[in-house]
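Chemist: Have a look at this one before I ask anything.
The values are calculated or read from the model by the stated rules, or taken from the named source; none is laboratory data. Treat the numbers as computed from the prediction; the structure is a model and nothing was measured. Cβ placement follows ideal geometry from the backbone for every residue including glycine, while neighbour counts extend to all protein chains displayed.
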C-alpha cells in the first residue's frame with residue numbers, strides 16, 4: 001500500500017504557482033483540490049480515506065504522554081458538519097428515549113454552568129485498529145496501528161446529566177447517541193452512525209460529555225463542539241458532534257449496532273468463515289495492547305549497541321500490570337519499567353534499555369499483560385469478518401551495524 | 001484589494017497554462033482533472049486503469065472515495081458482499097447489468113494476498129540513529 005504524505009507544494013500541471021504565497025488564506029485554486037483534508041492535523045498523519053475522512057497516526061508521532069490534538073486519529077463514518085456552529089454555547093443536546101419521562105434539552109452553556117466539570121486522560125481506540133493485518137482480508141479502512149490516542153478531555157459526567165433528566169434507573173438498559181454529521185449519500189434523513197453503551201458503562205465516573213481536548217475546544221474533525229467519551233470501548237461508541245442521547249429500555253438498535261458492524265462472532269471461528277448476523281455479538285471492552293513509540297521503526301545503530309525504547313500500554317478495563325520486550329522473536333522476554341495510569345482508562349508508559357549482543361537485524365516486540373493475566377498474542381488473534389480487535393504485539397525493525 | 005488582484009491574476013495564469021498544455025501536441029505535464037494514466041493508475045482516482053475501471057468510477061465514487069476501494073482486497077464473493085451491504089444499508093441502487101463487470105474488475109485487480117497469521121514487517125524506511133539521539137535518513 002503506498003504511503004500517502006500530506007506535505008505537498010502548490011503546483012498546477014507540474015509547475016509552481018508563482019504567487020502561491022500571496023493566495024489569501026482559505027481560498028483554493030479553481031478546480032484544484034488544494035484544500036487541506038485534515039485541517040488542524042499534523043502533516044504526517046496517513047490518510048486512509050478522504051470521503052469520509054479517515055487518517056491514522058504513525059507510531060513515533062504518538063510518543064507524547066498526552067496525545068496532542070493535532071495527532072489524534074480521525075475516523076469519520078459520514079461527513080463532518082460543513083461549518084462549525086457560529087455560537088457554540090447555543091449548541092443543543094437533547095436527552096430522550098424510553099427511559100426518560102420527558103425529553104430535556106440543554107445548551108452547551110447550560111451544561112457548562114449547571115454541572116460539575118471533570119478532566120480525565122482517556123484512551124480512544126478504533127475497534128478496527130490493526131485491521132490491515134487480517135488474512136483473509138477484512139473490508140473497511142485498513143488501519144495499521146495508529147487509530148489510537150490518549151488526550152486529556154474536559155466535560156461533565158453523562159451520569160449527572162441523565163440524573164438531571166430524571167432517567168428511570170429501572171427501565172434504562174442502554175444509551176445511544178445521535179450526532180450532526182451527514183450521510184455520504186447526501187440523504188439528510190439517513191443516520192450516519194448511532195451507537196452506544198450499556199447503562200452501567202454510561203454511568204461510570206469517566207464517561208463524559210466533553211467540549212475540551214487538552215484544555216482547548218475539540219478539533220472540528222474530532223467532534224467540535226461536543227462529543228461523548230466512553231473510553232475502553234471501541235471509539236465508535238463515543239459519538240461526535242453530539243446532539244442527542246437516547247436512554248433506551250433495550251439494547252440500542254441505531255445505525256451500525258447490528259450486522260457485522262462493531263460486532264464479532266460470539267464463538268471463535270476459522271479465518272474466512274461465514275458468520276450469520278444472529279451469531280455476532282457487540283464488542284464491549286477492548287483488549288490489552290501496547291505501542292512502541294520510540295525509536296521510530298527502521299533505526300540503524302552505527303556507533304552503539306545500546307538502545308532506549310519507550311511506548312504506551314492500555315486495556316479496556318482494569319489496568320496493564322506489565323510490559324515485556326523481546327529482541328529474539330519472542331524466545332526470551334525482558335521486563336520494561338511501567339508507570340501507573342494517570343486515571344482509569346489512561347494509557348500507561350513503558351520504557352527499557354536494550355543491549356544488543358552483536359551486529360545484525362533485529363525486531364523489537366512489545367507485549368503488555370493486563371491485571372487479569374491476559375497478554376497480547378504474537379500472532380493475529382481470532383479472525384472476524386470485519387477485522388476488529390487485532391491486539392497482536394507491535395513490532396519495530398532495527399539494524400546494528 | 002491587492003490580494004484580490006493577485007488572485008485574479010493567478011486565475012488568469014492558471015487558465016492560460018491549462019489551455020497551453022491542452023492544445024500542445026506533446027504536453028510535458030498533464031492538464032489537471034482530466035483523465036490520464038500514470039504508472040498504470042488512473043491519475044484522478046488511483047484505480048488500476050485496466051478492464052472496466054470506468055464503470056467503477058461511474059458507479060462507486062459518487063458516494064465514497066476511491067481510496068476505500070484501493071486500500072481493500074477481497075474475493076469476488078467478498079466484493080459482492082460489500083456491494084450488497086451498501087445496497088441494504090447505505091442507499092446504493094441496483095447496479096443492473098454493470099454489477100457483473102464491476103465485481104469482475106474488483107476481484108481481478110484487488111484480489112486478496114495470502115499473508116498468513118502474521119505478515120512480515122514491510123515498508124521500513126531505514127535511518128541512522130546516533131547514540132547522541134540525532135536521526136538522519138539513510139538509504140540502505
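Residue-by-condition table, conditions (1) within 14 Å of chain B (Cβ to nearest Cβ); (2) touching a residue at least 12 places away in the same chain (Cβ under 8 Å); (3) under 26 Å from residue B:89 (Cα atoms):
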| position | (1), (2), (3) |
| --- | --- |
| A:73 | no, yes, yes |
| A:87 | no, no, no |
| A:92 | no, yes, no |
| A:112 | no, yes, no |
| A:116 | no, yes, no |
| A:126 | no, yes, yes |
| A:129 | no, yes, yes |
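Chemist: Counting only residues that are under 30 Å from residue B:87 (Cα atoms) and part of a strand (DSSP E or B), which one in the stretch A:179-217 is farthest from the other protein chains (Cβ to nearest Cβ)?
Modeler: Top of the filtered list is A:198.
Chemist: Here's another thing I want to ask about it. Looking only at the stretch B:87-116, which residues are more than 23 Å from residue B:40 (Cα to Cα), within 11 Å of chain A (Cβ to nearest Cβ) and touching a helix residue (DSSP H, G or I) at 6+ places or on another chain (Cβ under 9 Å)?
Modeler: If the condition is that a residue be more than 23 Å from residue B:40 (Cα to Cα), within 11 Å of chain A (Cβ to nearest Cβ) and touching a helix residue (DSSP H, G or I) at 6+ places or on another chain (Cβ under 9 Å), then B:92, B:93, B:115 are the ones that fit.
Chemist: Further question: Does the stretch B:28-41 contain any residue that is surrounded by 16 or more Cβ atoms within 10 Å (Cβ to Cβ), out of contact with any strand residue (DSSP E or B) (no Cβ under 7 Å at 6 or more places or on another chain), modelled with pLDDT under 95 and not in a loop (DSSP other than H, G, I, E, B)?
Modeler: Checking the stretch B:28-41: not a single residue is surrounded by 16 or more Cβ atoms within 10 Å (Cβ to Cβ), out of contact with any strand residue (DSSP E or B) (no Cβ under 7 Å at 6 or more places or on another chain), modelled with pLDDT under 95 and not in a loop (DSSP other than H, G, I, E, B).
Chemist: Here's a follow-up. List the strands (runs of 3 or more DSSP E) that sit entirely inside the stretch A:291-393 and contain at least 2 residues that are buried (at least 21 other Cβ atoms within 10 Å of the Cβ), more than 13 Å from every other protein chain (Cβ to nearest Cβ) and on the phi > 0 side of the Ramachandran plot.
Modeler: It comes to none.
Chemist: Assigned to a loop (DSSP other than H, G, I, E, B), within 14 Å of another protein chain (Cβ to nearest Cβ) and in contact (Cβ under 8 Å) with a residue 24 or more places away in the chain, is that true of residue A:284? Break it down into steps so the answer makes sense when it comes.
Modeler: On the way: assigned to a loop (DSSP other than H, G, I, E, B): yes; within 14 Å of another protein chain (Cβ to nearest Cβ): no; in contact (Cβ under 8 Å) with a residue 24 or more places away in the chain: yes.
No, not satisfied.
Chemist: Please verify whether residue A:175 is buried (at least 24 other Cβ atoms within 10 Å of the Cβ), in contact with a strand residue (DSSP E or B) (Cβ under 6 Å, 6 or more places away or on another chain), touching a residue at least 60 places away in the same chain (Cβ under 8 Å) and under 30 Å from residue B:66 (Cβ atoms), treating the condition exactly as stated.
Modeler: Details: buried (at least 24 other Cβ atoms within 10 Å of the Cβ): yes; in contact with a strand residue (DSSP E or B) (Cβ under 6 Å, 6 or more places away or on another chain): yes; touching a residue at least 60 places away in the same chain (Cβ under 8 Å): yes; under 30 Å from residue B:66 (Cβ atoms): no.
Here the answer is no, as residue A:175 does not meet what is asked.
Chemist: If a residue has to be modelled with pLDDT under 95 and closer than 17 Å to residue A:139 by Cβ to count, how many in the stretch B:89-110 make the cut?
Modeler: Qualifying residue count for the region: 3.
Chemist: Continuing with this model, one more query. What residue, among those in the stretch B:108-131 that are in contact (Cβ under 8 Å) with a residue 40 or more places away in the chain and not in a loop (DSSP other than H, G, I, E, B), is nearest to residue B:76 (Cα to Cα)?
Modeler: If we take residues in the stretch B:108-131 being in contact (Cβ under 8 Å) with a residue 40 or more places away in the chain and not in a loop (DSSP other than H, G, I, E, B), then B:108 is nearest to residue B:76 (Cα to Cα).
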